[in-house]
Amino acid sequence: MPDLRTPWRAVAAAFAFNGVLLGIWASRIPAIVEMHDLTEARLGLLLLFMGTGALVSFPLAGRLADSLGAVRVTRWVAGAYVFTLILAALAPSPLWLGAALFIFGMSHGSMDVVMNTWATEVEKHMGRAVMSSFHAMWSLGAGAGAATGFAATQLGWSVALHFTAGSLIAAALLLPFLTQPWTSVTRPHDPNAPVFAIPRGALVFVGIIALAAAMGEGAVADWSAIYLTDVVQTDESRATLGYTVFSVTMVAMRLVVDRMVTFFGPVTMARVSGVLAASGLALSVTFATLPTALAGFVLMGLGYAAVFPLAFSRAAIDEHVPPGQAIAAVATLGYGGLLLGPPAIGFIAEATSLRLAFAMLAGLALVITALAGVLRRD
């Protein structure tokens, strides 16, 4: 029987696994809110714990990827990631939930950095653009994880049963691919390097682009179900469809983005992406019905799909910063937005409305269009 493991499949499995667990989490946020009787502000505060955990992990993950090898650290973190989701389901109080989400955020964030570093190595080995295909697998995993939320609510599963079964099944199906033989490039640790990976030079603007995209992605991941239940007034089962259609669209778009980038160039792709994302947000908040909201999530999926792959590919070829540190630096802003953005949405929604909070993201999406020139690779 032929070995199904290849370098591309190994990295793709890592991305899919990371997405599945986040999708599972996102799909049951309404149930978590009900379990702990959370207000929008309290949910925002708890999500802040998750985001802070990720931010703390970024510099450590970047350094470990450079010094020990991205593939080795990816395998370690993936193994730990399985159990952190289960901890969130078993938390008996909001205080313990905050602690569990901090650990969940650390494992999610560190895996993002190291698997993207591994992905740039495989992309270089293959000699062609494949970064978007890896991110497509992340979106596929996130969509699959969100879809399990729909199934779990229909079956009446508790959050604990759903999170435990979902994470263990995902690990059994995907983590064996990570044993693909691969030797990562390692670099000696620079004792003069800053503790926190802060972007500098052109990477500042690359990081801002990633931040703008991440804010939108994070809003859909953690607030789409709440938006559909509270603003659109749909039921919990249909509310899971928002993140599902967003993720499916991201998968479809990311499967063709590499070819589109080759044909149109990264700058044009980023400019169009920002306009599409802003249009989707505007549609969702202007006509708050289920069909128009879902159509808006589709446009957002089309718009945000290319941005993260473009940002990480650009970071990996920076002339002044090693790949692991460069990706960690961009991730500090990018995934910082993905994980810290949702709590900000909660605070804004508490002070004004969730609808207005979503509307503000449309302006941020246009920042991607404005700064697209920095993604030029020549």
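The values are calculated or read from the model by the stated rules, or taken from the named source; none is laboratory data. Keep in mind that this is a model prediction, so the values were computed, not measured. Neighbour counts run over all protein chains shown; Cβ positions are idealised from the backbone, glycine included. Note: areas computed on protein heavy atoms with side chains; ligands, DNA, RNA excluded. Shrake-Rupley method; radii C 1.70, N 1.55, O 1.52, S 1.80 Å.
Results, tabulated for the structure shown:
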quantity	calculated
Test for residue 266: is it modelled with pLDDT of 85 or more and over 30 Å from residue 228 (Cβ atoms)	yes
Sole exception among (1) more than 19 Å from residue 334 (Cβ to Cβ); (2) in contact with a Gly (Cβ under 9 Å, 6 or more places away or on another chain) for residue 62, by number	(1)
Which listed residue is buried (at least 24 other Cβ atoms within 10 Å of the Cβ) and either in contact (Cβ under 8 Å) with a residue 40 or more places away in the chain or aromatic (Phe, Trp, Tyr) (or both), from 263, 297	297
Members of the range 234-260 that are touching a helix residue (DSSP H, G or I) at 6+ places or on another chain (Cβ under 7 Å), aliphatic (A, V, I, L, M) and modelled with pLDDT of 85 or more	245, 253, 255, 257, 260
Residue within the range 174-190 that is at pLDDT below 80 and buried (at least 24 other Cβ atoms within 10 Å of the Cβ) present	no
Near pairs, Cβ below 7 angstrom, 6+ apart or cross-chain, from the range 328-357 (over 30 Å from residue 67 (Cβ atoms) and open to solvent by less than 40 Å² (accessible area, probe 1.4 Å)) to any residue that is modelled with pLDDT of 75 or more and not in a helix (DSSP H, G or I)	354/231
Cross-chain or 6+ apart pairs with Cβ under 7 Å, the range 6-19 first and more than 10 Å from residue 140 (Cα to Cα), then of a type in the set (Ser, Thr, Tyr) and surrounded by 19 or more Cβ atoms within 10 Å (Cβ to Cβ)	14/74
Whichever residue in the range 84-123 is open to solvent by 30 Å² or more (accessible area, probe 1.4 Å) and without any contact (Cβ under 8 Å) to a residue 40 or more places away in the chain and, among such residues, is farthest from the chain's Cα centre (by Cα)	92
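Each row is one residue, and each column tells you yes or no for (1) among the polar types (S, T, N, Q); (2) at pLDDT 90 or above; (3) assigned to a helix (DSSP H, G or I).
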residue: 5; (1), (2), (3): no, no, no
residue: 10; (1), (2), (3): no, yes, yes
residue: 14; (1), (2), (3): no, yes, yes
residue: 20; (1), (2), (3): no, yes, yes
residue: 46; (1), (2), (3): no, no, yes
residue: 51; (1), (2), (3): no, no, yes
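Residue-by-condition table, conditions (1) within 16 Å of residue 22 (Cβ to Cβ); (2) of a type outside the set (A, V, I, L, M, F, W, C); (3) in a helix (DSSP H, G or I):
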site	(1), (2), (3)
54	yes, no, yes
76	no, no, yes
79	no, yes, yes
82	yes, no, yes
95	no, no, yes
111	yes, no, yes
